[in-house]
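Chemist: First the structure, which I've put down as structure tokens, then a few questions once you've had a look.
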Amino acid sequence: MSGDPQTEYIDALIDLHRGIERKGPGDNAFSLNILSNLPTLPPHPQIADLGCGSGAGALLLAEYYQSPVMAVDFALGFIDELKIRAKQCELEHLIKPIHGDMAKLDWADGSIDLLWSEGAAYNLGFEQALTIWRSLLTNTGIAVISEMSWFADHVPEPAALYWQNAYPMIANEAENSDRAHRSGFKVISTHRLPSQAWWKNYYEPLSKQMRQAEISPVIQLVIDEIEEEMNLFERFSDIYGYTFYVLQVRQ
Ligand code: SAM
């Protein structure tokens with residue numbers, strides 16, 4: 001233990017997610033449907049998954065395109081899991097795990113054909129992430145970014161209060177599309193992740209992990225917060241959720 005409460009909190013959050021395939025809500029069939037409708041990528045595409053966790057997106061992308069994928073995360077434990085999973089899936093030769101900060105990549109401008117980021121852009125703020133990542137993309141580059149979004153015009157008070165505290169930059173799809181436009185992208189399409197994907201692929205495995213966790217004060221704090229988040233989602237999954245924004249560089 002480091003003694004620093006912020007570090008202890010992040011370590012506890014990472015611990016509770018250890019071994020779970022998805023570190024946030026998502027679904028392979030849903031992602032494959034998005035991929036199957038993307039514009040064709042150039043031969044030998046340069047692909048990146050930013051905030052990759054243990055590789056839910058990266059492994060799918062590598063298999064789908066049979067091309068190398070640079071997979072970036074700043075949680076070393078998740079990068080270690082990705083290495084193991086890549087080996088298990090026989091995709092080791094295509095996955096390039098990178099332990100680093102997705103906001104400070106030293107890649108050449110105009111070098112990426114497809115940038116994927118699932119459940120991670122909010123850590124930088126959606127518009128800030130897009131602004132940083134825009135220059136990495138080629139002239140025809142595509143970005144697929146999921147972002148927590150309002151689905152309804154009227155937001156009930158408990159949901160509004162929760163998100164005001166947790167992520168005050170949350171916006172509806174129209175506002176997020178404007179943000180994408182301002183950051184140098186056109187919006188090709190938007191896709192809402194179905195609520196079943198949250199439960200089946202994320203909250204259920206995470207709940208199991210929470211039941212088995214060795215409890216400490218900081219682990220209990222994280223569990224309480226995750227349970228609050230789940231209870232809110234149970235009540236208001238028609239009000240908010242993840243939208244995947246399929247974006248192309250705007251000339
Ligand atoms: N995309 C993965 C998935 O869907 O399973 C992980 C999603 S998880 C909700 C968000 C991830 O972003 C975490 O793995 C976290 O470590 C990573 N992350 C947050 N900020 C980051 C940063 N600045 N640089 C790199 N990774 C970051």
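The values are calculated or read from the model by the stated rules, or taken from the named source; none is laboratory data. Keep in mind that this is a model prediction, so the values were computed, not measured. When we count neighbours, we look across all protein chains shown, and the Cβ atoms used for this are built from the backbone with ideal geometry, even at glycine. Areas reflect the complete protein model, heavy atoms only, side chains present, ligands, DNA and RNA absent. Shrake-Rupley method; radii C 1.70, N 1.55, O 1.52, S 1.80 Å.
Chemist: Excluding residues fewer than 8 places away in the same chain, name every one of the lysines whose C-alpha is closer than 20 Å to that of Lys23.
Modeler: Excluding near neighbours in sequence, the set is Lys83, Lys87, Lys96, Lys200, Lys208.
Chemist: Now a separate question. Where a ≥ b ≥ c are the square roots of the eigenvalues of the C-alpha gyration tensor, would you call the range 151-251 rounded, which needs a/c under 1.5, or, failing that, prolate if a/b is larger than b/c, or oblate?
Modeler: Prolate, because a/c is 1.5 or more and a/b exceeds b/c.
Chemist: Order the peptides 197-204, 106-113, 172-179 from the highest to the lowest mean number of other Cβ atoms within 10 Å of their residues.
Modeler: 197-204, 172-179, 106-113
Chemist: If each of Asn33 and Asp238 carries a label point 7 Å out from its Cα toward its Cβ, how far apart are those two points in nm?
Modeler: For Asn33 paired with Asp238, the spin-label model returns 1.9 nm.
Chemist: Between Ala174 and Leu221, take the C-beta separation as r, use R0 = 30 Å, and let me know the FRET efficiency to the nearest 0.05.
Modeler: The calculated FRET efficiency here is 0.25.
Chemist: Hey, another quick one. Order these peptides, 144-155, 76-87, 33-44, by their mean beta-carbon neighbour count within 10 angstrom, highest first.
Modeler: The packing order, highest mean first, is 144-155, 76-87, 33-44.
Chemist: Would you please classify the overall shape of the range 73-163 from the alpha carbon gyration tensor, given that a ≥ b ≥ c denote the square roots of the eigenvalues, rounded means a/c under 1.5, and beyond that prolate means a/b larger than b/c while oblate covers the rest?
Modeler: oblate
Chemist: Can you pull the percent of the chain's accessible area that's carbon plus sulfur, 1.4 Å probe, other chains left in place?
Modeler: Heavy-atom surface of the chain belonging to carbon and sulfur, 1.4 Å probe: 50 percent.
Chemist: In addition: Between the range 166-188 and the range 72-151, what is the C-alpha centre distance in whole Å?
Modeler: Value for the Cα centre distance between the two parts: 18 Å.
Chemist: Once R0 is set to 22 Å, what does the formula 1/(1 + (r/R0)^6) return for the Cβ-Cβ distance between Tyr64 and Arg192, expressed as a FRET efficiency to the nearest 0.05?
Modeler: That gives a FRET efficiency of 0.55.
Chemist: Determine the per residue accessible area of the chain with all protein chains present and a 1.4 angstrom probe, expressed in square angstrom.
Modeler: 49
Chemist: I would also like to ask the following. Please sort through the DSSP H helices of the chain and keep those with an alpha-carbon extent of at least 24 Å along the long axis and a Kyte-Doolittle average not below 0.0.
Modeler: 217-236
Chemist: Under the rule of -39500 (n - 2.57) per DSSP H run of 4 or more residues, summed and divided by the residues of the chain, what mean residue ellipticity at 222 nm is obtained, to the nearest 500 deg cm²/dmol?
Modeler: -13000 deg cm²/dmol, from helical runs alone.
Chemist: Normalised radius of gyration for the chain, please: alpha carbon Rg relative to 2.2 N^0.38 Å, two decimal places.
Modeler: 0.99
Chemist: Would you mind computing, in nm to one decimal, how far apart the modelled labels at Arg182 and Gln212 are, each placed 7 Å from Cα along Cα→Cβ?
Modeler: 4.5
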